[in-house]
Structure formats: C-alpha cells, structure tokens
Amino acid sequence: MKDLEYCRVLVTGASRGIGKQISLDFSEKKAHLILTGTKSSTLEKIKSECLAKGASSVQMVVVDFLTDSLDPVASACKEGLDIFVCNAGIYKPGLLCTGSSDTKEKRIYETIKVNLTIPMVLSSLISPIIIKSQKIRERSHLENIGALIFINSTSTFWPSPQESAYVASKAGLLGFSDSIFPELREKGIKVCSIHPSYVKTDITSDMCKYGGLDSKKILTPKDVSDSVLWACSTSNTCCPSMIKLETQKTP
Ligand SMILES: NC(=O)c1ccc[n+]([C@@H]2O[C@H](COP(=O)([O-])OP(=O)(O)OC[C@H]3O[C@@H](n4cnc5c(N)ncnc54)[C@H](OP(=O)(O)O)[C@@H]3O)[C@@H](O)[C@H]2O)c1
C-alpha cells in the first residue's frame, strides 16, 4: 500500500458528516489539508480537531457553492495538491413531475449545481495542479499519490421518484468520473467514485427519526472514510474506479 504521510488533500464539505471524518482520518497521516464549508465558525472547530489529530497544516476556505466563485478554492491549492476528495453534496427529496411544490425548479437547479456542476468545474480547475504536483514528486523520487475521489451514492443505481433530482445528479457524477478516468489514468492519477448506501449523518437523521430507518444498521462516516483512504493508497498498478458500500444488514 502507498504511504500517504504528508499528502496534500482538498476536502469539500469538510464541516460535517462524511467530509469531517475524511478530514480527521487524513489528519492521522499528518496531511496538509484544505477544507471547505459554508461557515467559518464550523470550519474553525474542525481545523482545531484536525490539528489535534496530527494534521501538518489546515487551510480553510469558506465557500457556498450555490453563490460564490470557486477562485479561492483553486488558489488555496495552487502551491500543490495530491488528492481531491469531492464530497460536498445536498439531498432535497420531493416529487418533480406530479407534486405541487413551487420550489421544484429551485431544488432541481440547486441539486445539479452542488452535486454535479461544481464537482465538474472544480475537477477541471484542480486536475492540472494535481498532475503538476505529481511530476514534481516523481522528480524528487516520491511516489505518485494523485487521486480524485468522488463521494457518490447507491442512489445512482436506485431510481426513485422522490429522489429524481438527487439520482440524476449522482448518475451524472458517475458518468463524469468514468469519463475523466481515461484522461487521467496515463498520468498515474486515480479516479474513484465511491457509492455509499445510507450513512449516519444529518442527511439521514429525519429518515431515522420518522422514516423507520434503523440508525444502528446504516453505514458510519468512518466506513466511507476508510474506503477513501484505501482507494488512495492502492498501488501504482491499480485504480479502484468504483466502490459500492452496502449496509451489511437491511436497515
Ligand atoms: N448520508 C448519506 O446517507 C449519504 C449516502 C450516500 C452518499 N452521500 C453523499 O455523501 C456526501 C456527504 O454527505 P453527508 O451525509 O456527510 O452530508 P452532510 O452531513 O449534510 O454534510 C454536507 C456537507 O456539504 C456541505 N455543503 C452543503 N451545501 C453546500 C453548498 N451550497 N456549498 C458548499 N458546501 C455545501 C456542507 O457544508 P455546511 O456544513 O457548511 O453546510 C457539509 O459540509 C454528499 O455528496 C452526499 O450526497 C451521503
């Protein structure tokens, strides 16, 4: 397995849930972290936790993907980056074709923007930085640890009328990650789409409270984070391009 010590990692949506756990686990590798979220107060707390866990440095970028420019994210990475964990996402369920809600159009645009458009644009801005950073590592006789990891969902494979915008955004994201892999593979950069089933975070809290989902049987953020670090540390001859994480028992 590759040694990820001191890797430089960008995690979007690092303030809560899965992104927070990924940031903490990379901290144990003494990583240099760039973390995004929409609120500086929350990111400050995560920054302290990451430094306490061993992170070598933590840079915070406060950015709302619905309204803000991505320039600050790209410029935070410009000194060099090894791994991009594209995690931030939103889940806004509801019928789109027969429901009467006047927020339908807004939900569609917002879901596609945060879950699909932003990951595509960020990947296009950040991949050249990762490629250049790996060339420099290789010249210094360090291993190529370049990777783009997309936190997708098993919803991609479970069409559902209540989740049509979310499913469309995640299916599009899989199409994107599969499409850029051939572009990046010869550069030694891994591209991996990770598809968890239900995970115990804010997204599923109402499903557990009111929807009969058993919180003891669903995945934890740690289950997802473990798969991220595993994917990044696989050898130079292997790229796990897609990982599906099902719950062990029906929740
Ligand atoms: N939980 C599940 O069951 C599950 C299952 C499969 C896949 N996933 C995927 O896993 C990823 C993480 O989900 P999670 O469960 O950890 O969700 P979460 O706890 O709701 O956290 C979402 C993260 O995304 C950020 N975010 C949301 N809207 C944003 C915006 N407009 N601009 C910038 N950042 C924004 C949030 O930042 P703030 O804290 O600043 O709002 C937060 O850090 C998502 O892509 C989700 O689709 C989740």
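Partners of Lys106 within straight-line reach, counting aspartates and glutamates whose Cα lies under 20 Å from its Cα and excluding those fewer than 8 residues away in the same chain: Asp64, Asp68, Glu163. Taking the chain as a Gaussian network of alpha-carbon nodes connected by springs under 10 Å, the highest mean-square fluctuation of the residues Thr12, Thr103, Thr156 belongs to Thr103. In terms of distances greater than 20 angstrom between alpha carbons, the cross-link table entries Lys2/Lys45; Lys39/Lys209; Lys135/Lys190; Lys39/Lys78; Lys2/Lys190; Lys47/Lys200 yield Lys2/Lys45; Lys39/Lys209; Lys39/Lys78; Lys47/Lys200. Using Cα atoms only, what is the angle between the long axis of helix 118-139 and the major principal axis of the chain, expressed in degrees (0 to 90) to the nearest 10? So the helix axis and the longest Cα principal axis differ by about 20 degrees. Helical content of the chain, expressed as a calculated mean residue ellipticity at 222 nm, amounts to -13500 deg cm²/dmol (DSSP H runs of 4 or more residues, -39,500 (n - 2.57) each, divided by residue number, nearest 500). In plain terms, if you count all Cα to Cα distances in the chain and split them into 5 Å steps from zero, the share in each step is 1, 6, 14, 18, 20, 18, 12, 7, 3, 1, 0, 0, 0 percent. Ranked from largest, the principal axis spans of the Cα set of the range 101-214 equal 55, 31, 21 Å.
The local environment of Ser227, defined by Cβ-Cβ distances under 14 Å, has a net charge of -1 under the rule Lys, Arg +1 and Asp, Glu -1. The angle between the Cα long axis of helix 40-53 and the longest principal axis of the Cα atoms of the chain comes to about 50 degrees, rounded to the nearest 10. Working note: Cα atoms of the range 18-114, range along each principal axis, descending, whole Å: 51, 25, 24. Dipole of the chain computed with +1 at Lys/Arg Cβ and -1 at Asp/Glu Cβ about the Cα centre; of Ile151, Leu4, His195, farthest Cα towards the positive end is Leu4. Mean-square fluctuations from a GNM of the chain, with a 10 angstrom spring cutoff on Cα atoms, peak among Asp64, Asp202, Asp102 at Asp102.
GNM remark for the chain: springs join alpha carbons under 10 Å apart, and the peak mean-square fluctuation among Ala171, Ala52, Ala88 falls on Ala52.
Laboratory data are not the source of any read-out in this text; all were calculated from the coordinates shown. Computed from a predicted model, the values in this text were never measured in an experiment. Positions of Cβ are generated from backbone atoms using ideal geometry, with glycine treated the same way; all protein chains shown enter the neighbour counts.
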